[in-house]
Amino acid sequence: MSQYDITIVGGGMVGATLACTLASHDSALTIAVIDKAAPMDRPSLKDDFDLRVSAITRASENIFKNIGVWEAIKNLRVSPYRDMHVWDSKGNGVVHFDSADIAEPTLGHIIENRVMQYVLQQRLQSFDNIILFAPATCKKLIENEQQIVLLLDDDEVITSSLVVGADGGRSWLRQQANIMVRGWDYDQAALVAYVKTEKPHQETAWQRFMPSGPLALLPLQNGFSSIVWSTSPQQANELQDMAEADFKQALQIASDNTLGEIISCSQRAVFPLRFFVVDNYIKPNLALVGDAAHTIHPLAGQGVNLGLADAAALAQTILDAHKAAKPINSMSVLRQYERWRKADNLAMMVAMDSFKNIFGSELGIVKEARNIGMNTINKLPVVKNTVIKQAMGLTGDLSRFARI
Ligand SMILES: Cc1cc2nc3c(=O)[nH]c(=O)nc-3n(C[C@H](O)[C@H](O)[C@H](O)COP(=O)(O)OP(=O)(O)OC[C@H]3O[C@@H](n4cnc5c(N)ncnc54)[C@H](O)[C@@H]3O)c2cc1C
């Protein structure tokens, strides 16, 4: 039987970032991280990429810098994007964001999930006050007044003052703790792959909105681009099953021939898309972060960025309480975290949901209004720069770990 101050269930991008942020700033806290997957091997750096990539904002980059993983991530492989070009397939609406407009070198970076996960896991294992249980599965949660007991499948018993659920959208911990979720299926799925294109991507994130859903082409290294094609589940499955030549042609047409011919294409995978948010991020001795608390449409690439902001905010709340000799699992401490992140996350989620609905509409008046809106934003530097800063995660109530 082992006793920890904090146990984090889920050592993915968000859970590992939370553990590293806590351990980087307080070596007295004892932390257990449990993940059902075994630690990863160093990813290959040849011309094969992870099918899962994330657009990482400046705020998330700052969080990675603060826990000492950014240089290692950068040295493995990242792809900066300096421009973002968004256009409507059903009109002349265009918005172009350029990092030079706000005197920044980049708008963000496209990073393979496996690169972030590998570097975070390496960092996590370098702390004396973090113990990683992986691969390990929890089989039972017992909630007591002052602590939570987790029973692992190998009968290891882990007792902690605070348990944090960072175990993704299907969170086991959330279900065991009877925390309710509200949401719906988007009736869309995202097809992901990476492709080599005839024309260079110019370090630009391209996104074309179609009534069936958005298609994003995100820049990778060596002339490759990652695609995230959101569409009806039926079309996503058809696209996945198509012969490669037919798929390449369909993609060239759907992307408006922007990057020319699709020269090569990786295997394809499909992910169902859901919108949900929990009623409560916390309960006595327990908190949720990342996809365990909320999932969002990938159209603006914000999901993991919101999760990393949760991790930074929860770490700051716990560290400040610990320094002030307050119990880190008390509801008054945990409520500060919930109040902080619930409103910010919901605002972003509702904005993304509205975008999805506005761009999915075939109504003439909506089409006209959105095209006028896009062209107006494109011509107003003040509005455009505010939108860029929001997309870079640099607005709102930032944790000190998300600033430099
Ligand atoms: C197609 C697509 C594209 C996306 N693009 C972007 C993007 O560009 N930018 C962006 O910000 N977001 C993006 N997202 C969202 C992003 O992938 C998620 O928000 C992110 O993966 C959530 O991270 P997490 O650590 O909370 O959960 P996860 O990544 O799901 O990690 C959960 C971890 O918990 C472990 N685990 C699960 N169950 C258990 C258990 N019972 N016990 C122990 N461990 C467990 C898993 O092994 C894993 O390590 C995209 C999502 C999709 C579907």
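The values are calculated or read from the model by the stated rules, or taken from the named source; none is laboratory data. In this text, all values refer to a predicted model and were calculated from it rather than measured experimentally. Positions of Cβ are generated from backbone atoms using ideal geometry, with glycine treated the same way; all protein chains shown enter the neighbour counts. Quick note on the areas: whole protein, heavy atoms, side chains included, nothing else; ligands and nucleic acids left out. Shrake-Rupley method; radii C 1.70, N 1.55, O 1.52, S 1.80 Å.
Things to note:
- Rounded to the nearest 20 debye, dipole of the chain from Cβ charges on Lys, Arg, Asp, Glu: 780 debye
- Loop GluC sites (Glu not before Pro), segment 202-266, which have at most 16 other Cβ atoms in a 10 Å radius of their Cβ (DSSP): GLU203, GLU261
- MET242 contributes about 60 Å² of solvent-accessible surface, heavy atoms of the protein only, 1.4 Å probe.
- Ordering of 172-178, 191-197, 371-377 by packing [mean C-beta count within 10 Å, highest first]: 191-197, 172-178, 371-377
- To the nearest ten degrees, helix 303-323 and the longest principal axis of the Cα atoms of the chain are 30 degrees apart.
- The angle between the Cα long axis of helix 244-254 and the longest principal axis of the Cα atoms of the chain comes to about 80 degrees, rounded to the nearest 10.
- HIS96 exposes around 60 Å² of accessible area when a 1.4 Å probe is run over every protein chain in place.
- With the highest mean first, a sort of the peptides 205-217, 305-317 on other beta-carbon atoms found within 10 angstrom per residue produces 305-317, 205-217.
- Think of segment 85-140 as having a plus end and a minus end, set by charges on the Cβ of Lys, Arg, Asp and Glu; of PHE133, ALA103, ASN113, PHE133 sits farthest toward the positive end of this dipole.
- At the residue level, LEU319 shows approximately 10 square angstrom of accessible surface with a 1.4 angstrom probe and all protein chains present.
- Of VAL382, PRO39, ILE67, farthest towards positive along the dipole that unit charges on Lys, Arg, Asp, Glu beta carbons give the chain: VAL382
- The residues of segment 1-103 have, on average, 38 Å² of accessible surface per residue, using a 1.4 Å probe with all protein chains present.
- Segment 43-108 shape via C-alpha gyration tensor axes, a/c threshold 1.5: oblate
- Each of ALA37 and ALA351 was given a label point 7 Å from its Cα along the Cα-to-Cβ line. The distance between the two points is 2.9 nm.
- Over segment 286-400, relative contact order from alpha-carbon pairs under 8 Å, at least 6 apart, %: 28 percent
- Placing unit charges on the Cβ atoms only, positive for Lys and Arg and negative for Asp and Glu, gives segment 200-318 a dipole magnitude near 260 debye about its Cα centre.
- Size of charge dipole - segment 313-363 - debye, nearest 20, with Cβ of Lys, Arg +1 and Asp, Glu -1, no other charges: 320 debye
- Between LYS379 and ALA324, residue separation times 0.36 nm minus the direct Cα-Cα distance comes to 14.9 nm.
- The simple Förster model, with R0 at 30 Å and r as the Cβ-Cβ distance, assigns LYS199 and LYS46 a FRET efficiency of 0.85.
- Between 0 and 90°, nearest 10: helix 113-124 axis offset from the chain longest Cα axis: 20 degrees
- Working from Cα pairs under 8 Å separated by at least six residues, relative contact order for segment 1-60 is 35 percent.
- Too-long pairs where the Cα-Cα distance tops 28 Å, listed order kept, from LYS90/LYS196; LYS356/LYS389; LYS65/LYS283; LYS36/LYS283; LYS283/LYS326; LYS65/LYS196: LYS65/LYS283; LYS65/LYS196
- Residues LEU152, LEU218, LEU132, LEU380 ordered from highest to lowest accessible area at a 1.4 Å probe: LEU380, LEU132, LEU218, LEU152.
- Under-5 Å amide H pairs with VAL53, H placed in peptide plane, nonlocal only: ASN113
- Simple label model, 7 Å out from Cα along Cβ direction - MET331 to GLN175, nm: 2.7 nm
- The reciprocal of the average 1/r between distinct C-alpha atoms defines the Kirkwood hydrodynamic radius, which for segment 1-66 equals 14.2 Å.
- More than 18 angstrom apart: percent of Cα pairs within segment 12-154: 65 percent
- FRET efficiency for the ALA100 to ASP154 pair, using the beta carbon distance and R₀ = 51 Å, is estimated at 0.40.
- Translational D in µm²/s for the chain (Stokes-Einstein at 10 °C, 1.306 mPa s, Kirkwood Rh from C-alpha pairs): 72 µm²/s
- When ARG114, ARG370 are compared by accessible area of protein heavy atoms, the largest-first order is ARG114, ARG370, using a 1.4 Å probe.
- Sequence-distant contacts, meaning Cα pairs under 8 Å at least 6 residues apart, place the relative contact order of the chain at 22 percent.
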